[in-house]
1. Taking C:ASP101 as meeting all but one of (1) without any contact (Cβ under 8 Å) to a residue 12 or more places away in the chain; (2) more than 11 Å from chain B (Cβ to nearest Cβ); (3) not polar (S, T, N, Q), write down the number of the exception.
2. What residue, among those in the stretch C:1-28 that are free of Cβ contacts under 8 Å to residues at least 40 places away in the same chain and either touching a strand residue (DSSP E or B) at 6+ places or on another chain (Cβ under 7 Å) or surrounded by 19 or more Cβ atoms within 10 Å (Cβ to Cβ) (or both), is nearest to A:ALA53 (Cα to Cα)?
3. Any residue in the stretch B:70-86 that's without any contact (Cβ under 8 Å) to a residue 40 or more places away in the chain: show its pairings with residues that are part of a helix (DSSP H, G or I) and β-branched (Val, Ile, Thr) at Cβ separation under 7 Å, as long as the two are six or more apart or on different chains.
4. Looking at this structure, is C:THR47 of a type outside the set (A, V, I, L, M, F, W, C) and within 18 Å of C:PRO124 (Cβ to Cβ)?
5. Here are some residues: C:GLU282, C:GLU312. Which one is buried (at least 20 other Cβ atoms within 10 Å of the Cβ) and in contact with a strand residue (DSSP E or B) (Cβ under 9 Å, 6 or more places away or on another chain)?
6. Filter the stretch A:297-309 for residues that are crowded, with 19+ Cβ neighbours inside 10 Å and within 11 Å of chain B (Cβ to nearest Cβ) and give the result.
7. Given the criteria among the β-branched types (Val, Ile, Thr) and buried (at least 18 other Cβ atoms within 10 Å of the Cβ), does B:THR66 qualify?
Amino acid sequence: MNLMADPQSDTEGRLRHLLTLNGLGRERIVALLDRGAALRDAYRGGTLPPLLAGRTVMNLFFEASTRTRTSFELAAHRLGAFVVNFDIANSSTSKGESLEDTLATLEAMDADAFIVRHKENGTPARFAAHARRAVIVNAGDGNHAHPTQGLLDLLTIRDHKGDVEGLNVTICGDVRHSRVARSDIHGLSALGANEIRLCGPAALLPSATEFPECRIVGSFDEALDGSDVIIMLRLQKERIEGVLGLGEAEYFAAYGLTGERLARAREDAIVMHPGPMNRGVEIADDVADGPRSVILDQVANGIFVRMAVLAELLRV
Amino acid sequence: MNLMADPQSDTEGRLRHLLTLNGLGRERIVALLDRGAALRDAYRGGTLPPLLAGRTVMNLFFEASTRTRTSFELAAHRLGAFVVNFDIANSSTSKGESLEDTLATLEAMDADAFIVRHKENGTPARFAAHARRAVIVNAGDGNHAHPTQGLLDLLTIRDHKGDVEGLNVTICGDVRHSRVARSDIHGLSALGANEIRLCGPAALLPSATEFPECRIVGSFDEALDGSDVIIMLRLQKERIEGVLGLGEAEYFAAYGLTGERLARAREDAIVMHPGPMNRGVEIADDVADGPRSVILDQVANGIFVRMAVLAELLRV
Amino acid sequence: MNLMADPQSDTEGRLRHLLTLNGLGRERIVALLDRGAALRDAYRGGTLPPLLAGRTVMNLFFEASTRTRTSFELAAHRLGAFVVNFDIANSSTSKGESLEDTLATLEAMDADAFIVRHKENGTPARFAAHARRAVIVNAGDGNHAHPTQGLLDLLTIRDHKGDVEGLNVTICGDVRHSRVARSDIHGLSALGANEIRLCGPAALLPSATEFPECRIVGSFDEALDGSDVIIMLRLQKERIEGVLGLGEAEYFAAYGLTGERLARAREDAIVMHPGPMNRGVEIADDVADGPRSVILDQVANGIFVRMAVLAELLRV
């Protein structure tokens, strides 16, 4: 890997920003997961050290997401950082200031880390290219990447399965528009999943060439056969009618995860969802709330992998 | 009292959530007031202990109220808690997530307490029914209850009158739509007020059967005779014209508290208002700012009763 | 000076609020700058004491400004205060409560300082007139004053020029509508600048009588001759077309600061801008990002002068 060309690394090859799991490499991913698990142990044991005391973390959410913003806020705060929720709607950016000037201004106030969400692919990378000293964490950009979601999914899988290596993972739903799916695929591939199966209506699947390492499976039932992990994606409801020309019930009949359908997967398969769920569209109530669901574990792990990312990037 | 049926108590009869003062009982109310007064002494003496250090309190205000939100925020922060102001307008709930899933998600992030305000009666109880570990504090639901307002009113009355027992209390204005009035009535009844008089235009009074313990008095002058405490309610101005068909001056002439009118009450009567006040509609300037007004004491006490509620519910 | 008539001072002549630099006097301004510089040293040396521990600072921004709000938030937090960002849009003020009642209510919650921004001249002074115990800091009112911007500009000039005395300072752009320009002029005059030159289209200049101590210069080139400091103001873009009847390129040709034009100033002249910048309107990229630009120093200093103001007003 040419480190010079890697926008996430510094000249010594250390992780400097977290923009994507793509190309991050197995070793670094495992180190982040290990650190997340260690921080979790410390937190639950009441011995979490204030690693980020005196540091300032700024949430720059150009796209609304209270769930992810709150997770980052709690991760940073519980490590001792001060968190500023920068109010984008009322900010200079909305008065025509360039993203670069906004970043430079906030850096001049001694912000140590920026958590960036934006509807356009590449905005966090653009911040990273201009940051002087601060670190950038991508909290979701367009349909490009959501690396901390990928990490929390990997940690959750590891918690339940011991290892990612050799697992069959089905990702079902609107893969085409999903940054969650992309970061999951990159992480699962890096950690040696046996087979990653992508399933959904043709109009919502990625191009055949985007993920040569994955298998596109038309039938959800077929995809589930022998799956160890099932990741259901959130579907924007307006796409069901608008893109697919279907009703919600029709969509659910074809791609909703029901108890009956889940029986096709391995007996110990786990069910994941990044949230927020559309119950009755992507997933049946009894599955979402059932014993195979690890959805709330994902939420809990989100805080710990975000702690790990901040601690790693800020070198503490 | 059948504890099993009491949504506010745990199986051992301890207070688990605070949803309403209705049925809470004299002993528990007095304990909360005593604790509020003790925390006030400690705060003012500079010896308030960080009872909630390491705890996370989340403000879930589905209905805007900066005043009450800020009071809870300061109460929790001054006891050492970390407060997250969950931005409902941008949250998953606004993307169609159920309240139960939002609650479960935030609980999975280790929130210890949720402060809930909602325009619909019963929403805090719905949260309480689904909470796994977290405690729920009702910060106002519909016209149902606003129990911490009730507590702060009781503490303020106790401060000035020594005891609630035996007092004559007049509540004037839009009683029908007022959760403040309901929580006041429940609290005043539990603490043995002599007479609770409800006064206002017929269209804004509750049904004759809702509060058999109260006396409905048509004339404000008559209600004031011998009153020890006068609680003026906030009126939504649009109801004056829309519901009553009156002008503001007409309403004020009939139900506004003036100095002249106040002279009908006991010499040492106190005047209360939950705020924000419509001066010249519910209350005259010279009364609002006069020596009988304890309105700012109410505000100050709000923080201390909220501290007491959080400390009690979180068992610290 | 008649101290009784000075709304910023207490009866012993000590600074009680900061509303304007007008009439503040050289000694007090220098003391604030010295304290800002000392706090900067302490912060950068890791020895900043938590002077405001236990104090509550409330941001009351009736006009949106994330940049200034964040600067105050960081200043207060880094000194140990708890900061409440009062959400004006959802507040009682928007329900018709008077500013005085909002202030009294928040003071009753034991707020120690209010940072006030408002589109109307004089609102911070109105708060100061009604504050019982809390201190008021003007964070910008109408086109009247923005005293902490004035202070940060003075500190930045002093950092680079050693002293303000004897300097030639050009302020260019929409002086008429600028509270920044007014506070700069008051501060520069108090500290003995040699000449303050105001430059801009006639429609955006103040009346000839408002600043007798300044020289109004029609030509930007002429104003720049021999300037030590050039302060470019932000222009609301809609005024270019609406008030001036110009295109952006025409405005830039007449009043934009280019490298070529900058060559007319002294060799060691510094370029300032309060931000957010309209690049290509007020200032060329190569100047904004060039070696004479001290724009990011201004941002950094903003935090330190705000620390100094809070510490001074709160007597710590």
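1. (2)
2. This residue is C:ARG28.
3. Between residues of the stretch B:70-86 that are without any contact (Cβ under 8 Å) to a residue 40 or more places away in the chain and residues that are part of a helix (DSSP H, G or I) and β-branched (Val, Ile, Thr), the close pairs are B:VAL84/A:THR70; B:PHE86/A:THR66; B:PHE86/A:THR70.
4. No; evaluated as a whole, the condition is false for this residue.
5. Exactly one residue qualifies, and that residue is C:GLU282.
6. If the condition is that a residue be crowded, with 19+ Cβ neighbours inside 10 Å and within 11 Å of chain B (Cβ to nearest Cβ), then A:GLN298, A:VAL299, A:ALA300, A:ASN301, A:GLY302, A:ILE303, A:PHE304, A:ARG306 are the ones that fit.
7. Judged against the criteria, B:THR66 is a match.
Quick grid of which residues meet (1) away from every other protein chain (no Cβ under 14 Å); (2) among the acidic types (Asp, Glu):
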{"position": "B:PRO212", "(1), (2)": "yes, no"}
{"position": "B:PRO276", "(1), (2)": "no, no"}
{"position": "B:GLY280", "(1), (2)": "no, no"}
{"position": "B:ASP286", "(1), (2)": "yes, yes"}
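The values are calculated or read from the model by the stated rules, or taken from the named source; none is laboratory data. What you are looking at is a predicted structure, and each value in this text was computed from that prediction instead of being measured. Positions of Cβ are backbone-derived with ideal geometry, glycine not excepted, and every protein chain shown enters the neighbour counts.
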